[in-house]
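All remarks here apply to the structure that follows.
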Amino acid sequence: MFFFTALIVNGIVIGSIYALVALGFVLIFKASDIINFAQGELVLVGAFIGYALLDQLKIPVTFSLGLSFIFAVFLGFVIERIVLRPMIGEPVSSVIMVTLGLASILKGLSRSIWGSMNLSFPPLIPQKTISVAGMPVSYVYLLSFSTSMVFLLIFSLFFKYSRMGVAMRAAANNQQVAQSLGISVRRIFALSWAIATIIAFLGGFLLGTINVISMNLSFIGIKVFPIVVLGGLDSIPGAIISGFIIGILENLAAGYIQPYFEGGAVQEISGLVVLLIILIIKPYGLFGTREIERL
Amino acid sequence: MVSIRPCGDFKNSYEQDEAIFQTRFMKIMVGLFIVFLLILPQFLSPYLLYLANTVSIAIIGALGMNIVTGFTGLISLGQGALIGVGAYTVAILSSKLGFPVWAALPLAGFMAALAGMIIGTPSLRLKGFYLAMATMAGHYIIWFVLWNWVDLTGGPGGIAVRKPVLFGLDLNRDDLHFYYLALPMAILAIFACKNLFRTRVGRAFIAIRDRDLSAEVIGVNLFKYKLLSFFISSFYAGITGGLFAYYMKLINPEAFQLFLAIDYLAMIIVGGMGSILGSIYGAIFIVLVPEILQRIIEYASRFMPLQNIFAPLREIIFGLMIVLFLIFKPEGIAKMWEDAKAYFKLWPYAY
């Protein structure tokens, strides 16, 4: 029973970070219909930038966070302008390919600047644990969980109540009508990429505080696909909820099924098996909108 | 000697219309080119031979990818695992069961074709991105099996592959001998593919790509032809994997990860989707350009300190190539070639 609770708690913490990354992905898809295969690499770059600011330049935490966010905005704008703007109207496979190419570039640049070794953030948070539901949870986990929840809340409120958020939802819903109402869709694209990059950087930062960072971090970009498909590609609450679901499922699979396979990799596969099942049963996910193809 | 084709259509029979080489000049030139390719390796260094072999293998894989994604419009990210299936089939058949190369290689293609057909079944319900996701999930599941079924595949340790012996001649004794296995296979694959798209099956594939609902309306059995497309393209992938296994002599699952599928997708996009020449150009480009640039950087690093961008350079160049091609020439090298030919045909007129 203890084992089970431990897995669930772990799943919730990891799930909160997954939810963040998935949120970034859904944001870009909602605003510009682009499937961002580079989301994992953005998380990777965010983690490494965090490392650079905290460990190499020894900047205190809050400033690091702020600086990395500014860099994220800049990176998001640059990517949107240079890489994605020319891709408007191109077929799906071209767009997928462009984000894959971008992922390659980001990964290669990170590797060349920081090397392939595992790096770790300087210890920011005391190593204590507190007791949750009768089991010790470390401060780090708790902090990362609460940070992601806070940001998820901020973003949900942003989209629901702020002017810019509503404008983004409008543009995602119907670009032409939004334009006719005076919303600058170009600015929306740029903003959505900037926000998604900020979210990815935040996710990278949090992952950096929990674990060591390495090139493998970009695998989260693959893990995000089961999450967004389960939640529905264009649904923000769906992304958040399924982030938690997949996080928990993954941990349960790792806990209970992994011992039967000596090679490992059950954790990664479990998400993808779920993906396959969802695609066969309910391809648009829990909250996605159904695409109806007409001749 | 250069035959000038008269303006207009003067063909009298289906045979003439469907011919791959329309004029005698073309036939002679292609024949000479093939002879040139067969003689060429005698003059090449082992490194260049290695490149030539890699390109030949890549061409077969790119053709397979183009069949399913370029010609039938079904985005498939499963190539990596399917090539792995082909490689492992060859490895297991040749080393554990002692099959000779002329039996193991086609069987590798066949096993990969079966696996590909299974991965491809979601295509009956899904399209575009969702299909890519399903094939990606299929890829990881197959990879998981290769990694974990240690009794069959040797798990992470891999399997050694027995030498491909044909007519008593070891075809992998060195790069030169392997060239004479890889090149004919590539030429065979190219002609088979070209022929495929002269037939009814090929036309059905193209119809499915253009508008599958309409194709069904005119009587193309989507179930049969979509699965057939996956079958044929995975057969190509299996042959690619088999040749790769013979070439590398030792294989393990690490070589067959998702990046392989992305590599091949890049090849057909850079080369030109839906075009056989495009697959060839794309394969050549994606294999050779990073190598060439890496040599240049190595040379330049004697003058400037560029040490630390060595290892990931290939990744960066690869990504950059894809992005630049997609921004500036989304239809690929094949289109560039067509444009160049048209320009010269019409010069000095503009159209």
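The values are calculated or read from the model by the stated rules, or taken from the named source; none is laboratory data. Because the structure is predicted, anything quoted here is derived from the model rather than measured. Counting neighbours? That spans all protein chains shown, and the Cβs are built from the backbone with ideal geometry, glycine included. Keep in mind that these areas ignore ligands, DNA and RNA; they rest on the heavy atoms of the full protein, side chains included. Shrake-Rupley method; radii C 1.70, N 1.55, O 1.52, S 1.80 Å.
So here's what we get for this one:
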read-out	value
Residue count, the range A:111-125 (criterion: touching a helix residue (DSSP H, G or I) at 6+ places or on another chain (Cβ under 7 Å) and more than 8 Å from chain B (Cβ to nearest Cβ))	6
Some residue of the range B:77-88 being open to solvent by less than 10 Å² (accessible area, probe 1.4 Å), of a type in the set (Val, Ile, Thr) and more than 15 Å from B:Leu114 (Cβ to Cβ)	no
Residue check, A:Arg81 more than 10 Å from chain B (Cβ to nearest Cβ), open to solvent by 10 Å² or more (accessible area, probe 1.4 Å), at pLDDT 75 or above and under 26 Å from B:Glu331 (Cβ atoms)	yes
Residues satisfying the stated conditions in the range B:122-139, i.e. over 15 Å from A:Leu275 (Cβ atoms), in a helix (DSSP H, G or I) and either among the polar types (S, T, N, Q) or at the interface with chain A (Cβ under 9 Å from one of its Cβ atoms) (or both)	B:Ser123, B:Gly128
Matching entry among A:Phe151, A:Phe158 (being more than 14 Å from every other protein chain (Cβ to nearest Cβ), over 22 Å from A:Gly50 (Cα atoms), out of contact with any strand residue (DSSP E or B) (no Cβ under 7 Å at 6 or more places or on another chain) and modelled with pLDDT of 80 or more)	A:Phe158
All positions within the range A:266-283 that are open to solvent by 30 Å² or more (accessible area, probe 1.4 Å) and outside any helix (DSSP H, G or I)	A:Lys282
Residues of the range B:210-238 satisfying the condition of being open to solvent by less than 20 Å² (accessible area, probe 1.4 Å) and among the polar types (S, T, N, Q)	B:Ser229, B:Ser233, B:Ser234
Residues of the range A:251-283 satisfying the condition of being in contact (Cβ under 8 Å) with a residue 12 or more places away in the chain, at the interface with another protein chain (Cβ under 9 Å from one of its Cβ atoms), farther than 16 Å from A:Gly11 by Cβ and over 19 Å from the mean Cα position of the chain (by Cα)	A:Leu279, A:Pro283
Selected residue (only one of A:Gly204, A:Gly165 is of a type in the set (Gly, Ala, Ser), at pLDDT below 90, open to solvent by less than 50 Å² (accessible area, probe 1.4 Å) and in contact with a strand residue (DSSP E or B) (Cβ under 8 Å, 6 or more places away or on another chain))	A:Gly204
Odd one out for A:Ile210, checked against (1) open to solvent by 10 Å² or more (accessible area, probe 1.4 Å); (2) in contact with a Pro (Cβ under 7 Å, 6 or more places away or on another chain); (3) among the aliphatic types (A, V, I, L, M)	(2)
Tabulated pairs, the range A:168-182, first in contact (Cβ under 8 Å) with a residue 24 or more places away in the chain and open to solvent by less than 40 Å² (accessible area, probe 1.4 Å), second β-branched (Val, Ile, Thr) and not in a helix (DSSP H, G or I), C-beta under 7 angstrom, 6+ apart or interchain	A:Ala171/A:Ile183
Flag if B:Phe71 is among the aromatic types (Phe, Trp, Tyr), open to solvent by 10 Å² or more (accessible area, probe 1.4 Å) and over 25 Å from B:Gly274 (Cα atoms)	no
Residue within the range B:152-169 that is open to solvent by less than 30 Å² (accessible area, probe 1.4 Å) and either under 20 Å from the mean Cα position of the chain (by Cα) or under 26 Å from B:Asp212 (Cβ atoms) (or both) present	no
Pick from the range B:239-271, criterion within 14 Å of B:Ile142 (Cβ to Cβ) and crowded, with 22+ Cβ neighbours inside 10 Å, ranking: modelled with the highest pLDDT	B:Gly241
Helices (runs of 4 or more DSSP H) contained entirely in the range B:246-332, each with at least 2 residues that are under 30 Å from B:Ile92 (Cα atoms) and at the interface with chain A (Cβ under 8 Å from one of its Cβ atoms)	B:258-271
Residue list for the range B:100-121, restricted to those being open to solvent by 30 Å² or more (accessible area, probe 1.4 Å), β-branched (Val, Ile, Thr) and away from chain A (no Cβ under 11 Å)	B:Ile118
Test: residue in the range A:17-31 that is open to solvent by less than 20 Å² (accessible area, probe 1.4 Å), β-branched (Val, Ile, Thr) and not in a helix (DSSP H, G or I)	no
Entirely in the range B:1-84, the helices (runs of 4 or more DSSP H) that have 3 or more residues that are under 30 Å from B:Pro330 (Cα atoms) and away from chain A (no Cβ under 14 Å)	B:24-39, B:46-65
